[in-house]
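The values are calculated or read from the model by the stated rules, or taken from the named source; none is laboratory data. All values reported here derive from a predicted model rather than from experimental measurement. Cβ sites come from the backbone with ideal geometry, for glycine too, and all protein chains shown count toward neighbours.
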Amino acid sequence: MFNAITIGLMMVLFKGAVYERGSEGFDCRAYQYATTSYRDTGSMDPDYIVYAQNDNDVISAVTLARQHRIAIAVRTGGHHYVNLGGHCQTGGYGASARSFGLLSDHIQKLRIVTAEKEQPEFRWIHRHSESEEEQKLFYSVVGGSPGNFGVITHVTLKVHKDEDHSLSRGVRGRIPYCRETLKQLLDLVLEMGDDEDFPADYDVVITMTSERPAQYADTPEEAKIIVWGQWANLEGAGQVYDPTFFKKLIDIACGNDNDNSNNNNSMSPHERVLLQDEEMVMSELNNHWIIPIVREFQLPYFKNVKASDLPSSELRARKYTEWVTERIDRIEANTQATECYLVHQFAYSGGRHSRFAHNGDDGLTSFSWRDSSFIFVLDVFYNGEKPKVKAFAQEYQKETEQEALGEGVGKLSNQDRRLLWGSQDRNLHAARRFYFDQAPAKYERLAANKARFDPLNVFTPNKFSVQAPPGQEGAMMVAGLKRAAIRLWQTIIDAPGKRREEATTEL
């Protein structure tokens, strides 16, 4: 527990700034993407925040935590201003998943400090290490549970060269929300799954966002549909591009087909960028998938992310696109009355050639559900100042969950498949069957590694963590646990002497 001596040590040990709960500037620095949704649980309110400035600050924090039984939560980013720490540990899902897999698939090594030793120290762990200990730690850190095994300061990635994808193409734009247009776009995404040999070059993400009133958003906007598309030119300069699919995508979005009631005739720029099947090198194209906003709405929300085990034909038979657009319209028809606002995303991840699926075949990381065909994000934001509005949003999500899932009847999936970056639970151990496949072997393997590398549960600040096996739990899993937080901000560093195929990022 904290005492005057502990607090004094913190002030002396750290070069970086230390903020105590209740002090000036603490609240804005304690901001987290889900804080407003879960503040009443007490699980996301640190007692202290340390801005680590160097290795010594990190080592001092871990040492102090061991000695005084203080738990540490590591924070590096937070949604759209993503930094690599949490992003690479939860996969690094993005708009290029079919063509390039997850960001984490490209991690070659990482630098980490764990808490099993009395005198913690940094070490590099390598993706293809022959050391059994490194293999265990790499497997656990990359996919097990973010921040649950140690503090990462550097990541070395295998990078891709523009000249290998010089003919890549992109689609990006927005149109006013229209239920029928959204349904037709989602039907087109289903068509990708009708062909198991659909080229891995294609990634498409359809996003629907409610009206953003001025009081709840950085920039007020009308309800909209955002269309993202990428052709990655995976075979290089000699590959022939077929524009047919993107033409269908743009025609539906612009209302150029006979049945479409939208009749926009053109897409508008999204965040000042409009791409209508434009050719550009991959590095430039990927920059357009990053959105420079903190949150869609400055509101609490109930998150709901699902991966599907159903092929396109079965989703079509279960009338998924009719169902989901009807659900959306229940809110969208009257957001002012419900005071709820939606952010929904839809992406195809499957197919015989999908690198989302096959990059995980080596078994070196612990990510789950990589055989999934589709990824769905069904978030509901709400006015948290009104209990009735919160209750309505909660009930809406509960009903969505009940209708979306179920063997033979679920509109989205037979099985409940959840992703760590879209967690909707506060107790990972209790919900482990939803987040980890290969049950129970994968989770038990992670739990054993947790006992090995974090025996005192230094990196268990709340219950959304892998738990060590019974009888091996650390001393800090107790009621009334005091928490500290290290918050590390990302800076990209120049690494002279590194091969072009590698890039190192310091968090």
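Within the stretch 336-359, being surrounded by fewer than 16 Cβ atoms within 10 Å (Cβ to Cβ) and within 15 Å of N383 (Cα to Cα) holds for Q336, A337. Restricted to the stretch 123-149, and to residues there that are among the aromatic types (F, W, Y) and surrounded by 16 or more Cβ atoms within 10 Å (Cβ to Cβ), the residue that is nearest to F367 (Cα to Cα) is Y139. Taken over the stretch 17-67, residues that are modelled with pLDDT of 85 or more and assigned to a helix (DSSP H, G or I) amount to 14. Of everything in the stretch 72-98 that is modelled with pLDDT under 90 and over 30 Å from G229 (Cα atoms), the residue that is farthest from the chain's Cα centre (by Cα) is A73. Exactly one residue out of D361, D379 is in contact (Cβ under 8 Å) with a residue 40 or more places away in the chain and out of contact with any Pro (no Cβ under 8 Å at 6 or more places or on another chain): that is D379.
So which residues in the stretch 416-442 are part of a loop (DSSP other than H, G, I, E, B), touching a Leu at 6+ places or on another chain (Cβ under 8 Å) and crowded, with 19+ Cβ neighbours inside 10 Å, if there are any at all? Passing the criteria: only F436. For the stretch 91-114, taking the residues that are assigned to a loop (DSSP other than H, G, I, E, B) and hydrophobic (A, V, I, L, M, F, W, C), the one that is surrounded by the most Cβ atoms within 10 Å (Cβ to Cβ) is identified as L102.
If I filter the stretch 304-317 for residues that are over 15 Å from K411 (Cβ atoms) and either among the aliphatic types (A, V, I, L, M) or touching a residue at least 40 places away in the same chain (Cβ under 8 Å) (or both), do I get at least one hit? Steps first, answer last, please.
Here is the first cut: in the stretch 304-317, the ones over 15 Å from K411 (Cβ atoms) are 305.
Imposing the further condition that a residue be either among the aliphatic types (A, V, I, L, M) or touching a residue at least 40 places away in the same chain (Cβ under 8 Å) (or both) reduces the set to 305.
For the stretch 304-317, residues over 15 Å from K411 (Cβ atoms) and either among the aliphatic types (A, V, I, L, M) or touching a residue at least 40 places away in the same chain (Cβ under 8 Å) (or both): present.
In the condition set (1) at pLDDT below 95; (2) closer than 23 Å to K158 by Cα, N334 is compliant with all but (2).
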